[in-house]
Amino acid sequence: MNITGRLCVVSGASSGIGKAAALELAARGARLVLVARREAELGQLAAQIVSAGGAAWAFPADLSKPQEAVRLGEQVLGELGAPDILIHSAGAGEWRFLDETPIEDLQRLMDTPYFAAAYLTRVFLPAMLKRNQGFILSVCSPASRLVWPGATGYVAARWALHGLTEALRADLYHSNLKVCAFFPGKISDSEYFVRNTHSENRIPKVGRFIPEITSRQAALGIARAIELEARIMFVPWQLYAFDLLARWLPRLAEHLAWNTGARRKGP
């Protein structure tokens, strides 16, 4: 797909991969609809894109709430029309064993990324199907391919997002809409691990063999996935190699992930 001139909706656009993807797509001529809860950060990003000669609009919304997703959809469709590209990059959640997780947090962990992506897709899908073209990309986690211990609610939510992505691909098989599951490695400049230092300590030690990438490198991968209309993409390539190991030698991959991952302390 040629990115130039395409209307692209990016969730989670206020920081991290979402922000980097928005800047990269704007540089390639896309028109950006920026979505996140943080209004000030969205406004700054939209102004940055516009000052560089691009086109961008900030639409603050909490996509974990269906009524806000509906409001956003109606506003974007009414003012700008149906999007050509949807990028789901909103995500949050601490890494904890299930019995460490406050019970009220389990719903929140599922709200983003799963419900945010489901709601956002639902509000735009009829218009995209009517036009019978478009590209939907979900920023998934390697944890939805091979789990590791100590992050139960996080992992479950990422499996839900990955499942939604694969189910959408099946639903849209007889249309011209394409669906991609994008898997980035650990993001070296991510705000997530700054806010959740205990989560970083729970990355399985085998993960050290997979190089870290920057948000910009992830954004370049997203742009490449759109241009190639890829159904799946891993960045960096070493992550794909480990995924192949998990497919062909699952017991070995499980042993490496589980035995080098987090362990409970105390009895």
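Pick from 170, 143, 156: which is out of contact with any Cys (no Cβ under 6 Å at 6 or more places or on another chain), over 22 Å from residue 108 (Cα atoms) and part of a helix (DSSP H, G or I)? Write out each step before concluding.
Values: 143 fails: over 22 Å from residue 108 (Cα atoms); 156 fails: over 22 Å from residue 108 (Cα atoms).
So the residue among 170, 143, 156 that is out of contact with any Cys (no Cβ under 6 Å at 6 or more places or on another chain), over 22 Å from residue 108 (Cα atoms) and part of a helix (DSSP H, G or I) is 170.
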Quiz item: For residues in region 214-250 being charged (D, E, K, R) and either closer than 15 Å to residue 145 by Cβ or buried (at least 17 other Cβ atoms within 10 Å of the Cβ) (or both), which is nearest to the chain's Cα centre (by Cα)?
Solution: 231
Quiz prompt | Answer from 108, 6 - the residue that is over 18 Å from residue 121 (Cα atoms), basic (Lys, Arg) and surrounded by fewer than 22 Cβ atoms within 10 Å (Cβ to Cβ) | solution = 108
Exercise. Any chance you could count how many residues in region 31-63 are buried (at least 17 other Cβ atoms within 10 Å of the Cβ) and either assigned to a helix (DSSP H, G or I) or in contact with a Lys or Arg (Cβ under 6 Å, 6 or more places away or on another chain) (or both)?
Key: 5
Practice problem: Could you tell me whether any residue of region 236-257 is among the small types (Gly, Ala, Ser), modelled with pLDDT of 90 or more and touching a strand residue (DSSP E or B) at 6+ places or on another chain (Cβ under 6 Å)? | Solution: no
Practice problem: Could you give me the residue pairs with C-beta distances under 6 Å whose first residue belongs to region 138-151 and is within 15 Å of residue 204 (Cβ to Cβ), whose second residue is assigned to a strand (DSSP E or B) and of a type outside the set (Lys, Arg) wherever it lies, and which are 6+ apart or on separate chains? | Solution: 142/183
Quiz item: Restricting attention to region 188-211, does a residue exist that is at pLDDT below 95, in contact with a Ser or Thr (Cβ under 7 Å, 6 or more places away or on another chain) and of a type in the set (A, V, I, L, M)?
Solution: yes
Self-check item: Some residue of region 43-60 being touching a strand residue (DSSP E or B) at 6+ places or on another chain (Cβ under 8 Å) and among the aromatic types (Phe, Trp, Tyr)
Solution: yes
Quiz prompt | Residues that are outside any helix (DSSP H, G or I), on the phi < 0 side of the Ramachandran plot and of a type outside the set (A, V, I, L, M), drawn from region 1-30 | solution = 2, 4, 6, 8, 11, 14, 15, 28
Quiz prompt | Subset tally (residues that are in contact with a Ser or Thr (Cβ under 7 Å, 6 or more places away or on another chain), part of a loop (DSSP other than H, G, I, E, B) and closer than 23 Å to residue 178 by Cβ) for region 81-137 | solution = 4
Quiz item: Mind checking which pairs have a first residue in region 155-182 that is among the basic types (Lys, Arg) and a second that is assigned to a strand (DSSP E or B), Cβ under 8 Å, 6 or more apart or different chains?
Solution: 169/179; 178/134; 178/135; 178/136
Quiz prompt | Residues that are in contact (Cβ under 8 Å) with a residue 60 or more places away in the chain and of a type in the set (S, T, N, Q), drawn from region 83-111 | solution = 89
Quiz item: Taking into account only those residues within region 220-241 that are in contact with a Gly (Cβ under 9 Å, 6 or more places away or on another chain) and part of a helix (DSSP H, G or I), which is nearest to residue 253 (Cα to Cα)?
Solution: 239
Practice problem: Please list, ordered by first then second residue, the pairs with beta carbon atoms under 8 Å, 6 or more apart or interchain, first in region 196-211 and more than 14 Å from residue 150 (Cβ to Cβ) and part of a loop (DSSP other than H, G, I, E, B), second modelled with pLDDT of 80 or more and not hydrophobic (A, V, I, L, M, F, W, C). | Solution: 210/185; 210/186; 210/236; 210/238; 211/185; 211/236; 211/238
Quiz item: If you check residue 92 against the conditions, is it touching a helix residue (DSSP H, G or I) at 6+ places or on another chain (Cβ under 7 Å), surrounded by fewer than 20 Cβ atoms within 10 Å (Cβ to Cβ), hydrophobic (A, V, I, L, M, F, W, C) and closer than 30 Å to residue 6 by Cα?
Solution: yes
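The values are calculated or read from the model by the stated rules, or taken from the named source; none is laboratory data. This structure is a prediction, so every number in the text was calculated from the model and none was measured. Quick reminder, even Gly has a Cβ in these numbers, built from the backbone with ideal geometry, and neighbours come from all protein chains shown.
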